[in-house]
1. Of all residues in the range B:349-359, count the ones that are more than 11 Å from chain A (Cβ to nearest Cβ) and surrounded by 14 or more Cβ atoms within 10 Å (Cβ to Cβ).
2. Somewhere in the range B:106-120, is a residue charged (D, E, K, R), surrounded by fewer than 17 Cβ atoms within 10 Å (Cβ to Cβ) and in a helix (DSSP H, G or I)?
3. Here are some conditions: (1) at pLDDT 55 or above; (2) surrounded by 15 or more Cβ atoms within 10 Å (Cβ to Cβ). A:Arg122 meets all but one. Which one does it not meet?
4. Given the conditions (1) under 22 Å from B:Pro346 (Cα atoms); (2) among the aliphatic types (A, V, I, L, M); (3) in a helix (DSSP H, G or I), which single one is not true for B:Val392?
5. Given the conditions (1) in contact (Cβ under 8 Å) with a residue 12 or more places away in the chain; (2) loosely packed, with under 14 Cβ neighbours inside 10 Å; (3) more than 27 Å from B:Lys297 (Cβ to Cβ), report the number of the one that B:Gly468 does not fulfil.
6. Quick one: in the range B:312-370, of everything that is of a type in the set (S, T, N, Q) and not in a helix (DSSP H, G or I), which residue is modelled with the highest pLDDT?
7. With respect to A:Ala73, determine if the residue is of a type in the set (A, V, I, L, M), farther than 23 Å from B:Val367 by Cβ, over 13 Å from the mean Cα position of the chain (by Cα) and modelled with pLDDT of 85 or more.
8. Yes or no: the range B:299-314 includes at least one residue that is more than 13 Å from chain A (Cβ to nearest Cβ) and either aliphatic (A, V, I, L, M) or closer than 26 Å to B:Ile415 by Cβ (or both).
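The values are calculated or read from the model by the stated rules, or taken from the named source; none is laboratory data. Everything numeric in this text was worked out from a predicted model, so none of it was measured. Glycine also receives a Cβ, built like all others from the backbone with ideal geometry; neighbour counts cover every protein chain displayed.
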Amino acid sequence: MSYLLIVDDDQDFADAVATVCRADGHEAVVELDATRAVSSFEERPPDAVILDVMFPENPNAGFELARALRKKAPHVPILMLTAVNEQFPLGFSSRDIDPVWLPVSGFLEKPVDFDILRAKIRELVAGPPATGV
Amino acid sequence: MDTGSPTPTPPLHAYQLPACDATVREVAGEDTFDALRDRALLRQNAHWFCHLRWIVSGGLAMLAVAGVPEWTTAIGLSVRPTWPLAAASLLAAVNLVYETVLRRWPRDTTAGRIRLLLWIQIVIDLMILTLVTHFVGSTTSYAAFAYLFHIILACIFFPRTESLAIVAVAAVLYAGCLLWEGTDSIPPRTVFAAMEDLPRTSVAKSVEAWRLASLFGIWLIIWYLVSRLSATLRDRERQLAVTNRRLEASSQERARHMLQTTHELKSPFAAIHANAQLLLGGFAGELPESARAVVYKISQRASMLSQRIQDMLQLTNLRSQAQAPPSPTRFDLGEIIRTIVARAEPVAALRGIRIQADVEAVLVRSVEDYWKMLIENLLSNAINYSRDGGVVNVLCRREQHATARVAIEDRGIGIPADKLEKIFQDYYRTQEAAQHNPSSTGLGLAVVRQVAHLLRMSVTVESALGWGTRFTLLVPTCTSHVEDS
């Protein structure tokens, strides 16, 4: 069983994800902003982070948080969930999964199917460590 | 009644909303932008000027060589090789110095320094030209009109006042040459053999003055016309650059706004969809079958609306980009296709659909974002209209004549022949498609059409009811493939 940190400004969505994770036997904690997420990460490093991209005060907060968390713990998997897919300019693509620029382990697009999300989480917490800096 | 003292006002923090937004302010900082543009243009002109000088120097060297044989006398010329050779060597030597200086100067060298170098070049050129004019014949030839080349170049390089100063320098040098020759200390020269031995005729000073004035008048007229034309062109170029910059800023602002709008509109549906899945999954207790059916419909509709919002915004974004599409880059189309296939596989697997990919590395020069949209929408279409447990084939292969074939093929419901040409219309769905996949937005293939138009590419669709559908694109490739690059 793993300890998961869910960071998303949409509490309704984050709580639903946490419910599913807990039902799968994981321990899940929800943080609604990036600053609190860093404190929570420092207090108790999770086995995986599920992270939103855009936050109300900063549309790039998810990217910045991913970089900050990766510096602290290069081997913790980070899964990004985003309502904005890569088809827009200024978006991002899977090739951006780069240890320096955007060090995340995978993306899923919202609305996300929970069966796919659960499979992805199982894969991340069981798989080899994420690429680190 | 409360007679207590009123609550003191705490220190207030203030913020004043600026009169213009960030984009406008950024474009308003045009002075810096102009300085950068002028610097680049001046540097480019300085290099071009050096190239021209090599040509002139070569021409003078050839004249020196041609002056040696006797045949020049036969055509009435008498060219002593000394002066063209000296002028050619002098020009070559100074040109070498200019080029070395230009190469060594860093990219951020100020426009003022480059302009000073151009000034030095023009003044030295005019001095050498005066020497050449003296030997060719200051009054017996049209050599004085050669000053016009530098006057025209000065009009291109410099503002009007500076180019007028160059006219003045040329006038002083030419008049000085005539005065110098008039003192008898330096006899006038000419390249015309027939005039060499003629006695010097005395021309009235007033005639000489009128001749000189008319020549300078011609120079001034040419200066006025060219400098005016140059100023107009520079102004147009500046306006064009500013407009272009505003368009770029507006395009970036629009893209950012589009991203945020998509996020804001899709997020609530993501939450609705997620919570509906909790109900369906029994995470909030078991639901009666009739309630499950209702929640399932809510979940499907939320997901569909979210997809429709994205498709609509994407289509609007693409249509507004028709006038100013993003710049193309070189990339491996095969890698893009493999990535999209990998991302679509879990979604397809939910319905037992297998994606068979036969994808080669293909280097193309195009807009990467457009290709992602194209492939993602075609693949999504193929999965949506496949039957459960079916197969989708994705092919990307290099072919002859620098092209690659990209094909996405399903073994799904197919499209009737008479409806094939309509499937790319906004919101169009065949009756069969609407029955097979009620949550389709009808915008996926409209996005494909818009992207194909932007890429100036045709899409071939082949289909038969019950057999399935194949979309094929022929893509121009770069000359070298990924393995070679």
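1. The initial filter retains those residues of the range B:349-359 that are more than 11 Å from chain A (Cβ to nearest Cβ), namely B:351-359.
Imposing the further condition that a residue be surrounded by 14 or more Cβ atoms within 10 Å (Cβ to Cβ) reduces the set to B:353, B:355, B:357, B:359.
Matching residues across the range B:349-359 total 4.
2. Quick first cut of the range B:106-120, residues charged (D, E, K, R) only: B:107-108, B:113, B:115.
Filter once more, so that each one left must be surrounded by fewer than 17 Cβ atoms within 10 Å (Cβ to Cβ): B:107-108, B:113.
Filter once more, so that each one left must be in a helix (DSSP H, G or I): B:113.
Yes - at least one qualifying residue is present in the range B:106-120.
3. Result: A:Arg122 fails condition (2) only.
4. If we test B:Val392 against (1) under 22 Å from B:Pro346 (Cα atoms); (2) among the aliphatic types (A, V, I, L, M); (3) in a helix (DSSP H, G or I), just (3) comes out false.
5. It fails just one condition, (2).
6. As a first pass, look at the range B:312-370 and keep what is of a type in the set (S, T, N, Q): B:314, B:316-317, B:320-321, B:323, B:327, B:329, B:339, B:356, B:366.
Going one step further and asking which of them are not in a helix (DSSP H, G or I), we end up with B:321, B:323, B:327, B:329, B:356, B:366.
Values: B:Gln321: 68, B:Gln323: 62, B:Ser327: 78, B:Thr329: 88, B:Gln356: 96, B:Ser366: 91.
Here the residue is B:Gln356.
7. Working: of a type in the set (A, V, I, L, M): yes; farther than 23 Å from B:Val367 by Cβ: yes; over 13 Å from the mean Cα position of the chain (by Cα): yes; modelled with pLDDT of 85 or more: yes.
Criteria met by A:Ala73.
8. The first filter runs over the range B:299-314 and keeps only residues more than 13 Å from chain A (Cβ to nearest Cβ), leaving none.
Checking the range B:299-314: not a single residue is more than 13 Å from chain A (Cβ to nearest Cβ) and either aliphatic (A, V, I, L, M) or closer than 26 Å to B:Ile415 by Cβ (or both).
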